[in-house]
Amino acid sequence: MSSDTADAEDLQNADLESTPELEQLYADFAAHHLAPLWTQASEVLTFHPRSDAVPFVWRWDDLYPLAARSGELVPVGRGGERRAIALANPGLGGAPYATPTIWAAIQYLGPRETAPEHRHAQNAFRFVVEGEGVWTVVNGDPVAMRRGDFLLTPGWNFHGHHNDTDAPMAWIDGLDVPLSDHIDIGFFEYGTERVTDEASPDISRSERLWAYPGLRPLSGLDERVSSPIAAYRWEYTDRAVAEQLKLEDEGHPATVEQGHAAIRYVNPTTGGDVMPTLRAEFHRLREGTKTQVRHEVGSSVWQVFDGTGVFVIDGVRHAMRRGDLAVVPSWVPWSIEAESPFDLFRFNDGPVIERLGFARTHIVDPEK
Ligand code: GTQ
């Protein structure tokens, strides 16, 4: 990529001589709320994506105790809505955004606590790296949350969470809040203070109707923008990636690259992503696997589910372990090295980038 080496400064009309007439022209532009391209072309038309967001890592060992302290000091209830603490990317000026499109937060519920029901246009999911005992109630359907489960709250579905146990629980939330903010689509409504169904079934009604692989109910043949499956259970995710590696062992290619099994969570009514704005995946790397170095358009957040390894982001090595989260901004090169069997959850804005026709991936040739 020769464009990498071009300096932004090279492209500006830097040698345009300042004259009183020119300065007056610029002042008159400003007075009329106008801005010329030529003084800022290289910022507006970058040779490749240059995110304001920076690569960054948050440690579970920092996040969890801070969430627990919030649990001591901050009640959860109407108005604040959620005891959720967002990852604030240091490049994004203090906004509570992990990337320009993605909200990622740790959410914490103490023993027997309830986060009240509400709904919003923004799409949301939860991923559980440890613990259990909270039910998220989605449109009146109680959905158990346990380690390894991936749970959906698509836009405009009422949802509240209640902890049915005497132990606290924390998990991560992913939402399209920053994208929603940029494009001004937010609507919000309060629901009930208590969750509408405090039952604690093992699986939700949604799963009983929708979560049998390759089968869909004839009562629901319409296409839906978001998946009707409220929970993607760990037992299936685990099995799916384990089988890919076994198939590879048996000489049947099934992995994305050698030693690297991965799945995408999908909407069974379309075969596409679970929600229009968010993609989610689960990856399992064999011990010793090193992925290729990739540049991708769009930003991702990774969370380590199990094992240890190294994330190399923009050439910087980050040792990662269970619960740690890493942000990879658009087009920043990344690769992963597994020091043990390494299980990873990733989410990103892939569906938006693809739907708008902006998707590109560049795999760095190790020979060059
Ligand atoms: O659980 O409904 O992290 O509404 C941010 C906004 C979680 C939620 C967040 C939310 C929620």
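The values are calculated or read from the model by the stated rules, or taken from the named source; none is laboratory data. What you see is a predicted model, and the numbers here were worked out from it, not measured in a lab. Positions of Cβ are generated from backbone atoms using ideal geometry, with glycine treated the same way; all protein chains shown enter the neighbour counts. Keep in mind that these areas ignore ligands, DNA and RNA; they rest on the heavy atoms of the full protein, side chains included. Shrake-Rupley method; radii C 1.70, N 1.55, O 1.52, S 1.80 Å.
At least 2 residues being among the aliphatic types (A, V, I, L, M) and modelled with pLDDT of 95 or more is the threshold, and among the strands (runs of 3 or more DSSP E) wholly inside the stretch 123-204 those reaching it are 132-138, 141-146, 150-153, 169-175. The set of residues from the stretch 318-327 being part of a strand (DSSP E or B) and open to solvent by 10 Å² or more (accessible area, probe 1.4 Å) comprises HIS318, ALA319.
Restricting the stretch 156-168 to residues that are hydrophobic (A, V, I, L, M, F, W, C) and either surrounded by fewer than 18 Cβ atoms within 10 Å (Cβ to Cβ) or more than 13 Å from the ligand (Cβ to nearest atom) (or both), the residue that is farthest from PHE187 (Cα to Cα) is ALA167. Let me confirm something: among ALA88, ALA115, ALA84, which residue is under 16 Å from the mean Cα position of the chain (by Cα), within 14 Å of the ligand (Cβ to nearest atom) and under 28 Å from ASP141 (Cα atoms)? After ruling out the rest, the residue left standing is ALA84. Residue pairs whose Cβ atoms lie under 9 Å apart, sitting 6 or more positions apart in sequence or on different chains, and linking a residue in the stretch 193-214 that is more than 14 Å from MET145 (Cα to Cα) to a partner that is outside any loop (DSSP other than H, G, I, E, B) and open to solvent by 90 Å² or more (accessible area, probe 1.4 Å), are LEU209/SER219; ALA211/TYR236; PRO213/TYR236.
Only one entry in SER70, SER51 is in a helix (DSSP H, G or I) and either surrounded by 16 or more Cβ atoms within 10 Å (Cβ to Cβ) or within 13 Å of the ligand (Cβ to nearest atom) (or both), namely SER70.
ARG126 meets all of the listed conditions (1) of a type in the set (D, E, K, R); (2) away from the ligand (no atom under 14 Å from the Cβ); (3) closer than 23 Å to VAL328 by Cα but one, namely (2). Tell me which residues, restricted to the stretch 333-368, are within 19 Å of GLY174 (Cβ to Cβ) and either open to solvent by 30 Å² or more (accessible area, probe 1.4 Å) or among the β-branched types (Val, Ile, Thr) (or both). Within the stretch 333-368, VAL352, ILE353, GLU354, ARG355 qualify. All of ALA105, ALA98 fail the test of being in contact (Cβ under 8 Å) with a residue 12 or more places away in the chain, assigned to a loop (DSSP other than H, G, I, E, B) and either more than 16 Å from the ligand (Cβ to nearest atom) or closer than 18 Å to LEU179 by Cα (or both), apart from ALA98. Regarding THR269, is this residue touching a Lys or Arg at 6+ places or on another chain (Cβ under 8 Å), hydroxyl-bearing (Ser, Thr, Tyr) and surrounded by 17 or more Cβ atoms within 10 Å (Cβ to Cβ)? Judged against the criteria, THR269 is a match. Kindly indicate which of VAL241, VAL225 is part of a loop (DSSP other than H, G, I, E, B), in contact (Cβ under 8 Å) with a residue 40 or more places away in the chain and either surrounded by 12 or more Cβ atoms within 10 Å (Cβ to Cβ) or of a type in the set (Ser, Thr, Tyr) (or both). The conditions single out VAL225.
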